[in-house]
Each structure stands twice: as structure tokens, then as C-alpha cells.
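The values are calculated or read from the model by the stated rules, or taken from the named source; none is laboratory data. Just so it is clear, the structure is predicted and the values come from calculations on it, not from any experiment. Cβ placement follows ideal geometry from the backbone for every residue including glycine, while neighbour counts extend to all protein chains displayed. Each accessible area value is taken on the protein alone, full model and side chains, heavy atoms only, with ligands, DNA and RNA left out. Shrake-Rupley method; radii C 1.70, N 1.55, O 1.52, S 1.80 Å.
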Amino acid sequence: MKECYGEEKVYETLTRLISRNGWWLPKMTDSTSSAAASIFVRIFSNVSTLLKCVTRTVFVIINNVYCIPTYVVWMMLLFPVKIYQPQVYWRIEGLFFHWLLAMVSMWTWTAGYDIIEQGDDIQKIINEKTLVIANHQSTGDVPVLMTSFNAKPNVLPNLMWIMDRVFKFTNFGIVSILHQDFFIVSGRKRREESLKQLEKHLTESYIPRNRKWMVLFPEGGFLCKRRETSQKYAKKNNLPILENVTLPRVGAMQTIFDVLGPDTQDQQLNNRPNMTVAKPEISWVLDITIAYPQGKPLDLPTIITGSRPPCETVLFYRVFPSSVVPREPEQLSKWLYDRWVEKEALLEHFYKHGTFLNTNGSHRGGSKVHQDPLRFLVLHCFFIMSSYIHYSMLAYVLSCFW
């Protein structure tokens, strides 16, 4: 009872003072003391969480203000280089793009949302042309992948995202436009047109820029929004009914392999030595299964505010040579469906046991993705100094007219 001694003294004093006015207070007991302490702790915790959320939100807004405009201004200033030395321009742009995505990685890292990697070793494909396919659960999937890729050299500068057209109208949309990511249009009515635009984009942007990795979410939407529709389609067409993922759409992947898929053996035999530059090809397919703790996905607002307690998101990697991926539409659909059936089993195992280990014959232990705090600090200083320089330049130009 020593720990309650101070509370009882305060309570007795309040009782004497209040009783003079005819008021009455119940006698302090262990249970009421514990309840009061518990309420106080709960209130303090809620207030602390609220303050943290507000502080992080303000910081992220400010971070966007001095990073995104700076990126845009630098690209405008480098426009002459783009005309006369396009390879130099795109190399510089790739570095700026990486630095911007590092800011998003920092949001995830500072919130305590760690990334654990399991499955195949992907170091051998870092500098190879690779199609990355992943299940899609929430708005947190992209920041999680950014956080993982940020720690790997040469991935983000040479990466192209394929994302929903809605993303084009966000604050980060202008960055993706300048980086020449592709915005795909969802819906049956414009699907064919969108796939033709993707084919054109691969020819005019991905290949000339010598991009390496390309990220695609074949499901075409979030799990919570597509699950019911996917299950209805599966029942109607005698396909697997999935709970933890939704049936993937094969159109974008078919287009990618039509443009960048490996040549068949017959075509390779007919190649002549005097031919010009060889056709760029996708060498690998990296299949990523994203698993959140307890099956509760992180989303972008949660990452920004840090409102959820620190947790670990696990990425399970499977690497396939592109040569094993069928080119015929029906066989490609079956191959992609098989991968998603495997994801269903993987996620079911993960939600039961908390790990992907010992599934699909994998015995590679998980490794945590580590970030570099000093690098984050240097990048913040760079963007802040750049913002100041650009502001000074703009102020000088305006002073010449006013």
C-alpha cells in the first residue's frame, strides 16, 4: 500500500475541504485507486498518441512541401540537358527519384513498421530487367515496397511503376509523370485502349530509358474492394475461390511479355550476326507476397500518422526465369492463377504461424531491411537547401519585374 499512500493523503485533504461545503466523497479503496490510475494512464496514452499523429502529419506535409517542388524545379532546370544529353538527364532524374522515394521509406521506418524479407535471394537480379508482381491489399503496399527497395542499390532509380490512373492526381502524381511511370485505366470499357497505351509506353519509355525493374499489381485493386467480385467470377468460371488474395488479371502481364518477353528458340536460331541492337527482354519475374501481421494491412494514413503500434511486415520472394513463363494467353493465365493459388496457401500459413518459413520448400531465414539514418539526414539537408536556393532564385526574378 506504500504506492497508494500519496493518493490517499491527497484524497483525505480533498475530503476535508469538500466536506465543509456539505459535499460527500466515497472512501478511497484499492479498487477505486487502481481504476483511477488506469483511467489516467489511458488518457495519457491517448493524448500522447494524438500528439504523435498530429506531429507526424505536420512533418509529412512539410516534407512534401520542400521535396516535391524541389524535384520538379530541378527537372525544369535540367531540361536543356534532357534535349542534348538525354542519357545524362535520365541518370540524374533517377537519382532524384530515388531520393524522393527514400523520404517515403523514412515515414515507414520512423513509425516502427519494419520490413522482413524471406524466400529466394534477389541479389542476383538487382541489375537485371525484372517484372515484379505482388498481391495488393491496401495503400500501404507501395510504401512498403519502396522501403524495401530503398535499401537496395540501383533499384529505385531504374524502376517503373504501373499504377492506377487515380494516383496521377495525387501530390506524387507529378513526380511519376516526370519519371515516366505508367498509369493504367481500370474498367472493362477502356481496358483494351489502356493495354495499347501500355504497349506504346514500354516501347517509347521503358526501353529507351533502360529501366530495369517494373512493378505490377495484377489484381488491379485492393483486396477488400475486389474480394467479393473475384469470388463471384471464380464460382461462375470454376476457378479457385480465394480469401486472402483475389484472382489476378492477365492483360497487362500479357502485353508486357508480348513486348519484352524472351524470344522463342526458333526466333533465336534465325538471328543473324549483322543484325542491329538486340531486343531488350525481361530476364526474371519476381513474385512478392506481402503479408501484414494478423492479416491487418497498413495503409497510407496509418504510415503517415504512426497510429498503429510498431509491427513487422513480411515480404516473401520467389524468383522465376522469364523463360518458364508461357507466352500463349491461356497458358499464361493458368501460370498466373497458379502463382496466386500459391499466395493463398502462403498467406494462410503465415496468418496461422506468423512466418513463411518452411513453406514451398524454403528454408532461408528472414532478414530485416535496414535503413541508413545518416543518409536520411543528408537528403533532408539537400532538399531544404535546394528549396532555399530555388526560393531565392524566384525572389530575384520577381524583383526584376516588381
**Asked** Of everything in segment 171-201 that's surrounded by 14 or more Cβ atoms within 10 Å (Cβ to Cβ) and among the aliphatic types (A, V, I, L, M), which residue is farthest from residue 74 (Cα to Cα)?
**Response** 195
**Prompt:** Based on what the data block shows, is residue 105 touching a Ser or Thr at 6+ places or on another chain (Cβ under 6 Å) and polar (S, T, N, Q)?
**Reply:** yes
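Going by the structure shown, is residue 167 closer than 18 Å to residue 284 by Cα and either at pLDDT 95 or above or assigned to a helix (DSSP H, G or I) (or both)? Can you show your working first?
Numbers: closer than 18 Å to residue 284 by Cα: no; either at pLDDT 95 or above or assigned to a helix (DSSP H, G or I) (or both): yes.
Here the answer is no, as residue 167 does not meet what is asked.
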**Message:** It is to be established whether one or more residues within segment 59-70 are open to solvent by less than 50 Å² (accessible area, probe 1.4 Å), farther than 29 Å from residue 212 by Cα and part of a helix (DSSP H, G or I).
**Reply:** yes
**Request:** Check residue 360 against each of (1) open to solvent by 80 Å² or more (accessible area, probe 1.4 Å); (2) at pLDDT 95 or above; (3) in contact with a strand residue (DSSP E or B) (Cβ under 9 Å, 6 or more places away or on another chain) and name the one condition it does not meet.
**Result:** (2)
**Asked** Quick check: anything in segment 133-144 at negative phi, in contact (Cβ under 8 Å) with a residue 40 or more places away in the chain, open to solvent by less than 30 Å² (accessible area, probe 1.4 Å) and in a strand (DSSP E or B)?
**Response** yes
**Request:** Look at residue 389 and say whether it is closer than 26 Å to residue 151 by Cβ and hydrophobic (A, V, I, L, M, F, W, C).
**Result:** no
